[in-house]
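Each value in this text was obtained by applying a stated rule to the coordinates, not by laboratory testing. Every value quoted in this text rests on a predicted model; they were computed, and no experiment measured them. Cβ placement follows ideal geometry from the backbone for every residue including glycine, while neighbour counts extend to all protein chains displayed.
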Amino acid sequence: EYSLGPKVTDWDAQRREWTSRHPEFPALDPRRGGRPRVLLVTGSPPGPCDNPVGDHYLLKATKNKIDYCRLHGIDVVHNMAHLDPELTGYWSKLPLVRRLMLAHPEVEWIWWVDSDAIFTDMAFELPLSRYDGANLVIHGYPDLLFEKRSWIALNAGIFLLRNCQWSLDLLDAWVPMGPRGPSRVEAGKLLTASLTGRPPFDADDQSALIHPAAGAEGRWMDKVRADDGEPPPGLGDDRWPFITHFVGCKTCGRYEDYPLDRCIRGMERAFNFADNQVLRLYGFQHRSLTTAKVRRVNDPATNPLQAKEAALKMDAKFSST
Ligand code: UDP
Ligand code: MN
């Protein structure tokens, strides 16, 4: 039987003990206005994209993540190595997330964000206090999960996983369908037979997560929060969510469900929309959402310290929500 590594059974106690010896890492991070520590984790293949334009948009999506995380006091890990030759592609996030959890006891939440996801509301702060009883927070639709067992009931491209024993156990339960070869092929058949709407293909991480979450009657579900997370109204532009995930685009790969130029157009708009929220702090803005060119938006003589005060006020406003 495949395993992610030597079994860990007392992680909560180990982590508590570590934390008690490291007062320099208080549970509530002063750099985050007293919020829990979050580590954003993303990754991309070890080699160049099949199409050079894919590398350019990978860079833009990475810059966008750096911007969001700087504004919110979040550290970023970008992994390009295949840590486990058995677990390639989208399965590679499982061993990575596990390693990071064990290597960063100071972090409360590991936040996996796919490379093809772009933050489009830079001011939005994760409402972590609302997730107090949850260990896995993931975008999804509870009715599709429980009533329909649909294969798109959850999207495994973005999730928050609490650094605790429950999460290590979940990863152990999640991974057996992942190793390449016959187990992935056989598991793919099982998943297609048991989930609604799933086309026939080898086992993927998303279906493999839905399968135990929807089955196993409550073994996992009481600690999983699946919501369709409508962003609070009035932030940014109502037409843009907190994160825009370009599912089915595969700009770095060879095959895509949508034509490449359509994906690129969408990513360009999303990137520029978010980038405007950053550039505005420095008095600039893109000329339009379809161009990389920028223009000045205010008098360069304006005192930048005044802009800083305004930004801090905005931050304080969001902190109180
Ligand atoms: N990924 C990675 N290494 C790889 C392939 C993928 O880290 O070799 C990450 C990357 O962040 C990607 C995610 O895994 O967004 C999901 O992989 P998938 O093949 O589904 O790509 P997507 O459709 O998200 O582009
Ligand atoms: Mn994706």
Nearest 10, in degrees from 0 to 90: the angle of helix 93-103 to the longest Cα principal axis of the chain is 80
If the chain between SER129 and ARG287 were fully extended at 0.36 nm per residue, the gain over the current Cα-Cα distance would be 53.1 nm
Among segment 76-90, those whose backbone N falls under 19 Å of a label point 7 Å along Cα→Cβ from ASP55 are 78-82
If one compares the long axis through the Cα atoms of helix 205-214 with the longest principal axis of the Cα atoms of the chain, the angle in degrees, nearest 10, works out at 70
Computed over the chain, the relative contact order (Cα-Cα under 8 Å, seq sep at least six) in percent reads 20
The pairs in LYS60/LYS93; LYS148/LYS223; LYS63/LYS189 lying past 30 Å Cα-Cα in this model are LYS63/LYS189
Taking R0 as 51 Å and r as the Cβ-Cβ distance between ARG295 and PHE25, the FRET efficiency 1/(1 + (r/R0)^6), rounded to the nearest 0.05, comes to 0.75
According to the Cβ-distance criterion of 4.7 Å, cysteines of the chain with no possible disulfide partner are CYS69, CYS164
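Report D for the chain in µm² per second (integer): Stokes-Einstein, Kirkwood Rh on Cα pairs, 37 °C, 0.692 mPa s. Provide the component values of the computation, followed by the final result.
Working: Rh = 21.2 Å.
Once the numbers are plugged in, D ends up at 155 µm²/s.
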Cα-based Rg and Dmax for segment 75-230, in Å, come out at 15.3, 45
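Highest mean first, what order results for 111-122, 187-198 on Cβ atoms within 10 Å? Before the final figure, lay out each step's value.
Details: 111-122: 22.6, 187-198: 16.0.
Highest to lowest by the protection proxy: 111-122, 187-198.
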Rounded to the nearest 10, the angle in degrees between the Cα long axis of helix 260-279 and the longest principal axis of the Cα atoms of the chain comes to 50
If one builds a Gaussian network model of the chain from Cα atoms under 10 Å apart, the most fluctuating residue listed among MET177, MET80, MET101 is MET80
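When the helices in the chain are scored as -39500 (n - 2.57) per DSSP H run of 4 or longer and the sum is shared across all residues, what 222 nm value do you end up with, to the nearest 500 deg cm²/dmol? Display every interim value, and only then the final one.
On the way: 8 runs with 112 residues, N = 321.
Computed mean residue ellipticity for the chain: -11500 deg cm²/dmol.
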Cβ density ranking, 10 Å radius, fewest first, applied to HIS22, HIS72 yields HIS22, HIS72
Between TYR2 and residues 5 or more places away or on another chain, the pairs with built amide H atoms under 5 Å apart involve none
